[in-house]
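**Q** Take a look at this one; I'll ask things after.
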Amino acid sequence: MGYTIAEKLIKSHLVSGEMKKGTEIGLKIDQTLTQDATGTMAYLQFEAMGIDRVKTELSVAYIDHNTLQNGFENADDHRFIQTVAKKRGIRFSRPGNGICHQVHLERFGKPGKTLLGSDSHTPTGGGIGMLAMGAGGLDVAVAMGGGTYYTTMPEIVKINLTGKLTSWVSAKDVILKVLEILTVKGGVGKIIEYGGEGVKTLSVPERATITNMGAELGATTSVFPSDEITKAFLKAQNREEDWTELKADEDAVYDKVIDINLSELVPLAAMPHMPDNVKPVDEIGNISIDQVCIGSCTNSSLYDMMKVAYILKGKKVAPNVSLSIAPGSKQVLTMLAENGALADMIDAGARILESACGPCIGMGQSPNSKGISLRTFNRNFEGRSGTADAGIYLVSPEVAAISAVKGVLSNPVKELEAMPEFKLPEKFLINDNMIEIPASKEDADTVNIVYGPNIKSVPLGKALEESISTQVILKVGDNITTDHIMPAGAKILPYRSNIPHLSQFCFKQCDENFSENCKKMGGGIIVGGQNYGQGSSREHAALVPLYLGVKAVVAKSFARIHKGNLINSGIIPLTFINPDDYGKIDKYDKVILKNIKSSILNDEDITLVNETKGEEYKLAGGFTERQKNMLIFGGLLNYTGSQK
Ligand code: MIC
Ligand code: SF4
């Protein structure tokens, strides 16, 4: 029996376990990336491990999230990351150089390699044939130190692409279609592998758009083959030697195959407030809009920007619309400036933003009250834009650009003449002058790490007690995102290295008083529905609840990265054996996790006694030996410390 691409990548990096679906595997990590919003914590944890130099083939620290500097905090964090990077052997991508995933694809990604990033959209690298996964900062810190990354051997789903995208229909519509089919929890425990004749019609940036937003499926990652198109892209980036071929064997077996005919796709949009709430643009109709934002790690390549500039050329942004554009990298922005496309955008009235995440993470450009904003981004969770009652629609750059001109949601297929061919350049403009090379091993001693006053220590869990007697401090529904648990945005992000300050914002959208209640009542357990913790890789969504005294989360199911982050910090993720029990528990019920320690150690079902209702429910843990140790010692840092 032959292998799929994903299996080949796993096989060549397997250091522990067997490739048996659903069981734990350990992978060797070749490359890591961090960004600044998760990076400060990741490097604090790396420092806590006491390792001198990173042991990966390549590690890069990017500054792209917290680039609004309306106080000293972000700039201090940047300085901290810059100095750690210099000392510990990590390349440093300076603010202004671009969004981590876009720059990594352009300058560092290599087919056949593994990449672990402290950002959930790390699977962008799957567009170039990498096994690229998002994880919590602590997992990335361990990988930087040469440690193994543990995950569950996933099922492999093949998306079989046939046909060719038609005029003004784009890669974004492909991934929106996949989201419509699979939903935001359809990818959990799976790798999505693209194949079929249609693959040949897609350029690397288009493939990267698709693998990027595979994160919204909850998938472990997504991957494309590495073929002649990949080779041409790498050659144009002056990195032809980084290419290797990667394809599935003829007789590879998949757990599921989904057929998508690219020729049949139409422009789509994900409506508020979930990326899988997808409908054709035509069906939604010409709704009035207030804002259009183009950019983010999903859609900010030169290819996307050239199409946008073409649509805007000689036109004017409608008076009711504010249009912002953030090209994804310095490479993209410089090339747009040189070929005149930037002038077309500016001339049409676009507000050009720096090459960074910007509005995607609520760093500016919040829409007006009840505003409707079309965005080429990947997430439209309620409140993420910074305006609680705004409605965000996720669309392609083509739909965004024509709608900005028309002032209403518009279908480019109807509004424009047939699309001309947009070719990628044979040579990208290459200038890595904003990537700092670390100090040599010999000079590392002369570099001092600079800690700003905003940097506080990392909270640590406590060793597990035999039984936990507490209360339900919060009950939430399905698909709770990490943006619900630990919101981001311009006011909060500067405090990513200050957990005590962050704690006041925890779960604010679900329960105004969550933080105060925790402080008053000494924390408790959280009860959740399906897919608890989907979205970002931010470990703050575990560290802040830990700080507030949350001991366990009992849910119907969990998202992969968040579950890992909970265990790493010593919070116990448990699932209902009978999902109907979810309905029987209420907020503030007094509960006991009876003999939880011995139940975890002996792989027994766990009993949750509901003292208020006089009932008992059975819960499953299903932890590996490694996870048991982390929970018993109160988190990965404690456990590692205990082994020294
Ligand atoms: C996001 O898109 O939500 C982020 C901000 O990039 C996060 C990381 C973070 O919270 O810092 C992600 O996707 O992992
Ligand atoms: Fe940045 Fe948005 Fe991409 Fe997250 S999803 S890495 S915030 S551009």
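**Q** Only one of (1) outside any strand (DSSP E or B); (2) within 18 Å of PRO412 (Cβ to Cβ); (3) touching a Lys or Arg at 6+ places or on another chain (Cβ under 9 Å) is not met by SER296, so which one is it?
**A** Just one mismatch for SER296, condition (2).
**Q** Pick out, from the range 496-582, the helices (runs of 4 or more DSSP H) lying fully within it that include 1 or more residues that are among the aliphatic types (A, V, I, L, M), in contact (Cβ under 8 Å) with a residue 12 or more places away in the chain and farther than 22 Å from ALA141 by Cα. Talk me through it step by step, then tell me what you get.
**A** On the way: elements: 499-502, 514-521, 540-547, 560-569.
Helices (runs of 4 or more DSSP H) meeting the threshold: 514-521.
**Q** Out of all the residues in the range 239-246, is one or more in a helix (DSSP H, G or I) and either basic (Lys, Arg) or in contact (Cβ under 8 Å) with a residue 60 or more places away in the chain (or both)?
**A** Going through the range 239-246, the residues in a helix (DSSP H, G or I) turn out to be 240-242.
Filter once more, keeping what is either basic (Lys, Arg) or in contact (Cβ under 8 Å) with a residue 60 or more places away in the chain (or both): 242.
Checked against the condition, which is being in a helix (DSSP H, G or I) and either basic (Lys, Arg) or in contact (Cβ under 8 Å) with a residue 60 or more places away in the chain (or both), the range 239-246 yields at least one hit.
**Q** Something else: Pairs please, first residue from the range 405-432 and within 22 Å of ASP290 (Cα to Cα), second anywhere and basic (Lys, Arg) and surrounded by 15 or more Cβ atoms within 10 Å (Cβ to Cβ), Cβ atoms under 6 Å, 6+ apart in sequence or on different chains.
**A** VAL405/LYS315
**Q** Which members of the range 459-480 meet the condition of being farther than 18 Å from GLY523 by Cα and either touching a helix residue (DSSP H, G or I) at 6+ places or on another chain (Cβ under 6 Å) or of a type in the set (S, T, N, Q) (or both)? Give the steps one after another, and end with the answer.
**A** Within the range 459-480, the subset farther than 18 Å from GLY523 by Cα is 477-480.
ASN479 - this is the single residue of the range 459-480 that is farther than 18 Å from GLY523 by Cα and either touching a helix residue (DSSP H, G or I) at 6+ places or on another chain (Cβ under 6 Å) or of a type in the set (S, T, N, Q) (or both).
**Q** Oh, and also: Report yes if GLU180 is of a type in the set (D, E, K, R) and within 16 Å of ligand 2 (Cβ to nearest atom), otherwise no.
**A** Details: of a type in the set (D, E, K, R): yes; within 16 Å of ligand 2 (Cβ to nearest atom): no.
When the stated conditions are applied, GLU180 does not pass them.
**Q** Separate question: Can you find a residue that is part of a loop (DSSP other than H, G, I, E, B), touching a helix residue (DSSP H, G or I) at 6+ places or on another chain (Cβ under 9 Å), of a type in the set (D, E, K, R) and farther than 25 Å from VAL15 by Cβ anywhere in the range 200-223? Before you say what the answer is, go through the steps one by one.
**A** Just the residues of the range 200-223 that are part of a loop (DSSP other than H, G, I, E, B), to begin with: 202-203, 218, 220.
Then drop every residue that is not touching a helix residue (DSSP H, G or I) at 6+ places or on another chain (Cβ under 9 Å), which leaves 202-203, 218, 220.
Applying the additional criterion that residues be of a type in the set (D, E, K, R) yields none.
Scanning the range 200-223, I find no residue that is part of a loop (DSSP other than H, G, I, E, B), touching a helix residue (DSSP H, G or I) at 6+ places or on another chain (Cβ under 9 Å), of a type in the set (D, E, K, R) and farther than 25 Å from VAL15 by Cβ, so the answer is no.
**Q** Anything in the range 353-388 that is closer than 25 Å to ALA37 by Cα, more than 16 Å from ligand 2 (Cβ to nearest atom) and without any contact (Cβ under 8 Å) to a residue 40 or more places away in the chain? List them, or say none.
**A** THR387, the sole residue that qualifies.
**Q** Related question: Report yes if ALA541 is within 22 Å of HIS65 (Cβ to Cβ), touching a Leu at 6+ places or on another chain (Cβ under 9 Å) and within 16 Å of ligand 1 (Cβ to nearest atom), otherwise no. Walk me through how you get there before you give the answer.
**A** Details: within 22 Å of HIS65 (Cβ to Cβ): yes; touching a Leu at 6+ places or on another chain (Cβ under 9 Å): yes; within 16 Å of ligand 1 (Cβ to nearest atom): yes.
Yes.
**Q** Suppose we filter the range 365-387 for residues that are more than 14 Å from ligand 1 (Cβ to nearest atom), of a type in the set (Gly, Ala, Ser) and assigned to a loop (DSSP other than H, G, I, E, B); how many remain? Even if it seems obvious, please write down each step before you answer.
**A** From the range 365-387, those more than 14 Å from ligand 1 (Cβ to nearest atom) are 365-374, 387; that's our starting set.
Now narrow it down to the ones that are of a type in the set (Gly, Ala, Ser): 366, 369, 371, 373.
Filter once more, keeping what is assigned to a loop (DSSP other than H, G, I, E, B): 366, 369, 371.
Number of matching residues: 3.
Each value in this text was obtained by applying a stated rule to the coordinates, not by laboratory testing. Quick caveat: nothing in here was measured; it's all calculated off a predicted structure. Cβ: placed from backbone, ideal geometry, glycine included. Neighbour counts: every protein chain shown.
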